[in-house]
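J.: Sharing a structure below in structure tokens format, with a few things to ask.
The values are calculated or read from the model by the stated rules, or taken from the named source; none is laboratory data. Computed from a prediction, not measured in an experiment: that's the story for all the values here. All Cβ positions, even for glycine, are placed from backbone atoms using ideal geometry, and neighbour counts span all protein chains on display. For accessibility, only protein heavy atoms count, side chains too; no ligands or nucleic acids. Shrake-Rupley method; radii C 1.70, N 1.55, O 1.52, S 1.80 Å.
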Amino acid sequence: MNRLTTLPSHNRRSFLKKLGLGSGAVVSMGFMPDLLQARQAPAIHLSTLTRPTLPAGISSGDIRANSAMIWSKTDRPSRMHLRWSTTESMKDSRIVNGPATLKNKDFTAKMYVSDLPADQEIFYEVSFQSLEDLSVRSAPMKGRFRSAPSEKRDVRFLWSGDTCGQGYGINPDWGGLRIYESMRKLTPDFFLHSGDTIYADGPIESEKQLADGSIWKNITTEATSKVAESLEEFRGNYAYNLMDHNLRQFHQEVPIIYQWDDHETSNNWYPGETLEEDQYKVKQASLLAARARQAFLEYTPIRSNGIDPERIYRKIPYGPLLDVFVVDLRSYRGPNTANVQTQKSDTTEIFGKQQIHWLIEGLKSSSATWKVIASDMPIGLLVKDYHQTFEGIANGKGGLLGRELEVADILSAIKKYRVNNVVWLTADVHYTAAHHYDPNRADFQDFLPFYEFVSGPLNSGTFGPGELDQTFGPEVLYYKAPPSGQFNLPPSAGMQFFGDVFIDAQSEQMTVTLRDLEGDALYSVDIAPE
């Protein structure tokens with residue numbers, strides 16, 4: 001164990017200066033006034049002389065009108081503390097004592113903060129108090145967010161997905177995860193991360209040769225040097241992303257709503273799958289997913305469900321104009337198949353019965369003008385796995401088959417109960433597009449017309465465009481993807497995308513804009529509420 005055992009008198013001033021103390025100060029936990037005159041000092045643990053740090057920054061999430069989740073991570077056994085105020089000067093601030101965090105949580109901590117004023121800029125500071133020495137506390141780290149409104153006001157939020165995929169990690173020479181800075185500058189109320197928050201199945205090497213002969217250079221860590229299998233390796237992938245200064249700054253200013261997809265665990269996984277890839281020693285996808293889920297919940301400011309703490313699907317009410325229904329198409333699905341079953345069964349599930357019931361009941365009871373279904377996968381695009389079976393909902397065969405049967409139940413219920421103004425937002429396919437679904441063009445026609453918008457990636461390879469299935473009558477209004485014959489373009493090619501949603505308080509009109517790496521608008525559409 002590291003100890004400081006002596007304190008020669010000639011080092012007195014420099015030692016206290018390093019501690020940030022005056023020459024007459026007395027340090028608690030063993031420092032006595034006569035220590036500085038002694039030739040031999042009592043043993044003092046080094047941990048009492050250094051402050052806890054916040055190496056991954058801070059973040060907020062799942063914001064509501066009167067509550068929020070606050071997250072951070074430290075470097076030792078500590079207790080999280082929060083101070084918040086409605087003024088930047090922190091006048092009349094309130095202090096909330098948070099949870100302790102130990103190594104079994106990778107020193108992550110998050111806390112539920114209630115009794116916030118609605119529609120108010122909230123300024124907060126997070127600090128950690130060492131549990132090894134209660135007199136030692138970290139420097140506070142500052143953040144801010146705006147609580148959700150209780151009355152009508154303009155609402156603006158962004159969405160996208162796919163961070164650090166295909167071996168494209170944090171490249172300092174290129175400016176790191178630059179798209180997060182472009183999004184921060186737009187000052188959204190919140191950001192919806194539509195999944196693939198990490199690429200646990202995609203090792204990040206120090207260099208990656210590009211098609212033009214140039215080199216993409218990455219920061220590397222041990223945890224991202226191989227596919228993640230242990231809990232520590234999954235955690236390490238989240239910690240890796242948070243090494244980027246753009247992402248940490250974004251987190252300090254923009255609340256996040258997180259969902260997950262496949263790459264948080266392994267590519268195209270489903271419960272019960274046995275992995276065939278040689279790089280995996282752990283072959284059971286469900287075991288990997290359990291570890292992946294724990295790391296996801298530890299490293300994100302996601303609001304826990306009191307009945308099912310591992311549940312990811314949830315509703316985020318955001319005032320009179322907006323409800324966000326965050327779904328989970330990964331945890332309850334059946335196996336990937338040819339996806340042409342004519343009857344519902346365990347093999348056609350992708351939402352699962354319980355989640356479908358929750359979603360339909362939530363949509364029926366919603367009084368918000370707009371109901372956004374945040375889906376981690378698109379509805380009409382063909383998405384296949386390595387075996388050329390179907391990873392997604394669509395199958396390209398026409399008619400109502402396979403996983404489309406569950407989607408048809410949801411769409412029919414929306415029509416039956418006259419749930420107006422439903423918009424689907426998604427990512428997953430690594431390009432950006434706007435789709436409109438209409439029963440007049442569809443094989444299955446028992447539904448109301450709706451929009452689906454696709455965006456991403458954030459810092460990954462760019463692919464596409466995908467092929468559309470006509471079961472629900474989609475029409476491509478816009479897309480941007482690599483030119484024909486090109487795929488897996490690096491972030492430096494500029495084809496990284498995010499979506500921007502603005503709801504006007506007066507007209508209640510929704511405007512959806514698709515934006516590129518620099519935040520420039522590519523396509524925009526105004527949607528009037530019904």
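J.: Please work out the ratio of the alpha-carbon Rg of the chain to 2.2 N^0.38 Å and round it to two decimals.
T.: On the way: Rg = 25.1 Å, N = 530, 2.2 N^0.38 = 23.9 Å.
In units of the globular-protein estimate, the chain measures up at 1.05.
J.: Once you have all Cα-Cα distances for region 169-236, histogram them in 10 Å bins from zero and send the whole-percent values.
T.: Binned Cα distances yield the sequence 18, 37, 34, 11, 0.
J.: A follow-up question, please. For region 54-116, which trypsin sites (Lys or Arg not before Pro) are both in a DSSP coil and crowded by at most 12 other Cβ atoms within 10 Å? Numbers along the way, then the final one.
T.: Details: sites: Arg64, Lys73, Arg79, Arg83, Lys91, Arg94, Lys103, Lys105, Lys110; in loops: Arg64, Lys91.
In loop regions of region 54-116 (DSSP not H, G, I, E or B), the sparsely surrounded trypsin sites (Lys or Arg not before Pro) are Lys91.
J.: Output the pairs from Lys384/Lys480; Lys415/Lys480; Lys371/Lys415; Lys353/Lys397 with a Cα-Cα distance over 22 Å in this structure; if there are none, say none.
T.: Values: Lys384/Lys480 20 Å; Lys415/Lys480 31 Å; Lys371/Lys415 14 Å; Lys353/Lys397 24 Å.
Listed pairs above 22 Å: Lys415/Lys480; Lys353/Lys397.
J.: Under the rule of -39500 (n - 2.57) per DSSP H run of 4 or more residues, summed and divided by the residues of the chain, what mean residue ellipticity at 222 nm is obtained, to the nearest 500 deg cm²/dmol?
T.: Values: 7 runs with 76 residues, N = 530.
So the calculated ellipticity at 222 nm is -4500 deg cm²/dmol.
J.: If you don't mind, another one. Just need the Rg to Rh number for region 394-469, please, alpha carbons only, Kirkwood Rh.
T.: On the way: Rg = 13.7 Å, Rh = 13.8 Å.
With Rh from the inverse mean 1/r over Cα pairs, Rg/Rh is 1.00.
J.: Report the semi-axes of the equivalent ellipsoid for region 210-345 in whole Å, largest first, where each axis is √(5λ) for an eigenvalue λ of the Cα gyration tensor. Provide the component values of the computation, followed by the final result.
T.: Numbers: eigenvalues 138, 126, 52 Å².
Its equivalent ellipsoid spans semi-axes of 26, 25, 16 Å.
J.: Under a crude label model (7 Å from the Cα following the beta-carbon direction), how far is Thr187 from Gln445 in nanometres?
T.: Modelled inter-label distance: 4.9 nm.
J.: On average, how much accessible surface per residue is there in the chain, in Å², for a 1.4 Å probe, leaving out ligands, DNA and RNA?
T.: On a per-residue basis, 41 Å².
J.: Which length gain, in nm to one decimal place, applies between Ser507 and Thr221 when the Cα-Cα distance is subtracted from 0.36 nm times their residue separation?
T.: Numbers: separation 286, 0.36 × 286 = 102.96 nm, distance 4.96 nm.
98.0 nm is the gain from fully extending Ser507 to Thr221.
J.: What residue among Val422, Gln388, Val407 has its Cα farthest toward the positive end of the dipole of region 388-428, where the charges are +1 on Lys, Arg and -1 on Asp, Glu, each on the Cβ?
T.: Towards the positive end, the residue furthest out is Val422.
J.: Here's another thing I want to ask about it. How about region 129-197: which GluC sites (Glu not before Pro) there lie in a loop by DSSP and see at most 16 other Cβ atoms within 10 Å?
T.: Values: sites: Glu132, Glu151, Glu181; in loops: Glu132, Glu151.
Sites meeting the loop and neighbour criteria: Glu132, Glu151.
J.: Could you tell me the calculated FRET efficiency between Glu207 and Gln279, based on Cβ-Cβ distance and R0 = 25 angstrom, to the nearest 0.05? Before the final figure, lay out each step's value.
T.: On the way: r = 19 Å, r/R0 = 0.77.
Once rounded, the FRET efficiency stands at 0.85.
J.: Still on this structure, please answer the following. Rounded to the nearest 0.05, what FRET efficiency is calculated for Ala290 and Lys344 with R0 set to 25 Å and r the Cβ-Cβ distance?
T.: Numbers: r = 27 Å, r/R0 = 1.08.
Efficiency, rounded to the nearest 0.05: 0.40.
J.: Extension gain Gln486-Ser89, at 0.36 nm per residue separation less the Cα-Cα distance, in nm? Let's see the in-between values first.
T.: Values: separation 397, 0.36 × 397 = 142.92 nm, distance 5.18 nm.
That works out to 137.7 nm of additional length.
J.: Continuing with this model, one more query. Working from Cα positions, state the angle (0 to 90°, nearest 10) between the long axis of helix 285-299 and the longest principal axis of the chain.
T.: With rounding to tens, the tilt is 60 degrees.
J.: For a quick check of your reading of the filter: which GluC sites (Glu not before Pro) in region 299-402 sit in a DSSP loop and have no more than 15 other Cβ atoms within 10 Å?
T.: Values: sites: Glu310, Glu349, Glu361, Glu391; in loops: Glu310, Glu349, Glu391.
Those that pass, being in a loop and sparsely packed, are Glu310.
J.: With a 1.4 Å probe and all protein chains left in place, how much of the accessible area of the chain comes from carbon and sulfur atoms, in whole percent?
T.: On the way: 10710 of 21870 Å².
Ligands and nucleic acids excluded, carbon and sulfur give 49 percent.
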